[in-house]
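*Asks:* Let me begin by handing over the structure; questions about it come next.
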Amino acid sequence: MRSKNTPFAFYLERLARAAQTLGLSKAQLKALQTPDKILDKKITIKTDKGRKETLRAYRVQFNNARGPYKGGIRFHPAADLSEVKALAAAMALKCAVVGIPLGGSKGGVQCDPKKYSSTELERVSRAYVRAIGGSLGVDTDIPAPDVYTTPEIMAYMLDEFEKKVGHSEPGMITGKPIALGGSEGRGTATAQGGVYVLEETVKALGLDRKKLRVAVQGFGNAGYHAARILHELGYHIVGLSDSTGALIAENGHKIDPTSVYIAKQNGGKISEHYADKKSMERDGVHVGINEELLTMDCDILIPAALDNQLTADNAANVKAKIILELANGPISPEADAILEKAGVTVIPDILANAGGVTVSYFEWVQNRQQYYWTEEQVLERLQPIMTSAFKAVSGLVKEKNVSYREAAFLLGIQRITEALKMRGVR
């Protein structure tokens, strides 16, 4: 009997509903319920002080009917098997929604990377590949960065893998530094893909971007670039936050995300952007907390931090009319139901943040061809893919009279099932 209220349990519940809607066979449902492979290992590293530490390491491979497995590796204390299984399933769906020929996977090491030095993180990275590497490869399973992992960590993993196999294979991992075969445009891909989808949403709803107020939760790579791009397009950025606090603009004022980013690079905290109260009053901004940002008065809310940020406890207080999920799973199922009842348009993660995996796919293609594109060429290829995915999802919203989340889920399942049928799973 499976446990309830876990990320993977929620996936299975949604899958059961989709199976009824799409008329899936028992064999097809089973193929979508069960990961193809689960790797659950223990890795040991030596700390800088010479102490040995043993860490839990995971890799879940979930359905390669449409192509090799693809998914990130996260270093996080809360990484567990249920979470990794759910994220692997979501990756399979995400790739199907945007129509790229890849399956789903996800990996993780249960650790707090903030407590490790750069040399210790290198040891964790190499130990992970030594433990899991036999199940990775350019035609098998292609990892990428995720929460608290970086291009540098991908470089260590690539190096360790190539030592293991004895030949160059840059396409076995994506999100690498440019010098090792990374793709131009990868750093902004998640944000840029989300902006393309948001622009289509705004157009479909008949709204004027220059009148729309946007709050962005999370000021890492995705959050900052989304805020910056939207600011440049004429949207009003009225809220920004990181783990230390939030900046909230009032009474028609707006925030320049680039100036906040520069200050954060220098001081490390959004809340320290302003040196004194007088300058805050001049700009119509006050310092708040994350919770305040999530429920502030705005038109568009972009959760771009961690999962489970909007829950049954705060969803009813959300004032935004559009939510764009740049983070994975930022809305709990209970919160989702509350928001849907309130008429909030939620653009789900498997569509909204799929720009990242799409450009990872481009990186894999470039590595295989040994022919590299400019950032302009990358974005020229990304926009039509994201636009087409939005239109396919939007079509199902109207046809089935369902939410964008249900429509994206149905589209992903539909496309994976089509591949399964062609492989004889009927």
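*Asks:* If you take the square roots of the eigenvalues of the alpha-carbon gyration tensor of the range 301-341 and sort them as a ≥ b ≥ c, do you get rounded (a/c under 1.5), prolate (a/b over b/c) or oblate?
*Replies:* In terms of gyration-tensor shape, oblate.
*Asks:* GNM, the chain, Cα, under 10 Å: largest mean-square fluctuation among Arg282, Arg130, Arg209?
*Replies:* The residue with the greatest mean-square fluctuation here is Arg282.
*Asks:* Of the DSSP beta bridges with both residues in the chain, give the percent that are antiparallel, rounding to the nearest 5.
*Replies:* 50
*Asks:* In nanometres, what is the gap between the two model label sites at Asp80 and Thr44, each 7 Å from Cα along Cα-to-Cβ?
*Replies:* 2.6
*Asks:* Separate question: At what distance in nm do the modelled label points of Arg56 and Tyr372 sit from each other, each positioned 7 Å from its Cα along Cα→Cβ?
*Replies:* 3.9
*Asks:* Restricted to Cα positions, what overall size does the chain have along the principal axes? Three whole-Å values, descending.
*Replies:* 60, 57, 46
*Asks:* Taking θ as phi - 60°, what are the ³J(HN,Hα) couplings along the range 166-176 by the Karplus curve (6.51, -1.76, 1.60), each to the nearest whole Hz, with x for Gly and Pro?
*Replies:* Computed from phi, the couplings for the range 166-176 are x, 8, 6, 8, x, x, 6, 8, 10, x, 7 Hz.
*Asks:* Please give the charge dipole size of the range 303-426, origin at the Cα centre, charges +1 on K and R Cβ atoms and -1 on D and E Cβ atoms. Round to the nearest 20 debye.
*Replies:* About 560 debye.
*Asks:* Something else about it: Could you please state, rounded to a whole Å, how far the C-alpha centre of the range 79-98 is from the C-alpha centre of the range 35-72?
*Replies:* If you average the Cα positions of each part, the centres end up 15 Å apart.
*Asks:* Over the Cα atoms of the range 149-291, Rg to Rh with Kirkwood Rh, two decimal places?
*Replies:* 1.10
*Asks:* By the gyration tensor of its Cα atoms, with a ≥ b ≥ c the square roots of the eigenvalues, what is the shape of the range 319-426: rounded for a/c under 1.5, prolate for a/b over b/c, or oblate?
*Replies:* oblate
*Asks:* Then there's this: Under unit Cβ charges (Lys, Arg +1; Asp, Glu -1), what dipole magnitude, rounded to 20 debye, does the chain have relative to its Cα centre?
*Replies:* 1380
*Asks:* Enumerate the calculated ³J(HN,Hα) couplings along the range 222-238 in order (Karplus 6.51 cos²θ - 1.76 cosθ + 1.60, θ = phi - 60°), each rounded to whole Hz, writing x wherever the residue is Gly or Pro.
*Replies:* Coupling constants for the range 222-238: 5, x, 4, 5, 4, 4, 4, 5, 5, 4, 5, 7, x, 5, 9, 7, 10 Hz.
*Asks:* Taking all protein chains in place and a 1.4 Å probe, what share, in percent, of the accessible surface of the chain do carbon and sulfur account for?
*Replies:* Using a 1.4 Å probe with all protein chains present, the chain comes out at 49 percent carbon and sulfur.
*Asks:* Report, in deg cm²/dmol and to the nearest 500, the calculated mean residue ellipticity at 222 nm for the chain, where each DSSP H run with n ≥ 4 adds -39500 (n - 2.57) and the sum is divided by the residue count.
*Replies:* -14500 deg cm²/dmol
*Asks:* To the nearest 20 debye, what is the magnitude of the charge dipole of the range 221-318 about its Cα centre, counting +1 on the Cβ of each Lys and Arg and -1 on the Cβ of each Asp and Glu?
*Replies:* I would put it at about 320 debye.
*Asks:* Using the charge dipole of the range 109-243 (Lys, Arg: +1 at Cβ; Asp, Glu: -1 at Cβ; taken about the Cα centre), state which of Ser117, Gly193, Ala226 has its Cα farthest towards the positive end.
*Replies:* The Cα lying farthest towards the positive end belongs to Ala226.
*Asks:* Let me ask you something else. Lys/Arg Cβ at +1, Asp/Glu Cβ at -1, dipole of the chain taken about the Cα centre: which of Leu12, Ser360, Leu420 is farthest positive-ward?
*Replies:* Leu420
*Asks:* A further question follows. In Å², what does the accessible area per residue of the chain work out to with a 1.4 Å probe?
*Replies:* In whole numbers, the chain has 43 Å² accessible per residue.
*Asks:* Mind telling me which of Pro257, Pro143, Pro101 comes out most flexible in a GNM of the chain, alpha-carbon contacts under 10 Å?
*Replies:* Answer for the Gaussian network model of the chain: Pro101.
*Asks:* Taking H as built 1.01 Å from N, whose amide H comes closer than 5 Å to the amide H of Ile289, not counting residues under 5 places away?
*Replies:* Ala246
*Asks:* Could I ask something else about it? With the Cα gyration tensor of the range 114-194 giving a ≥ b ≥ c as the square roots of its eigenvalues, does the rule (a/c under 1.5 for rounded; else a/b larger than b/c for prolate; else oblate) give rounded, prolate or oblate?
*Replies:* oblate
The values are calculated or read from the model by the stated rules, or taken from the named source; none is laboratory data. As the structure is a prediction and not an experimental result, all values here were calculated from the model. All Cβ positions, glycine included, derive from the backbone under ideal geometry; neighbour counts span all protein chains shown. Remember, those area values only see protein heavy atoms, side chains included, never the ligands or the DNA or RNA. Shrake-Rupley method; radii C 1.70, N 1.55, O 1.52, S 1.80 Å.
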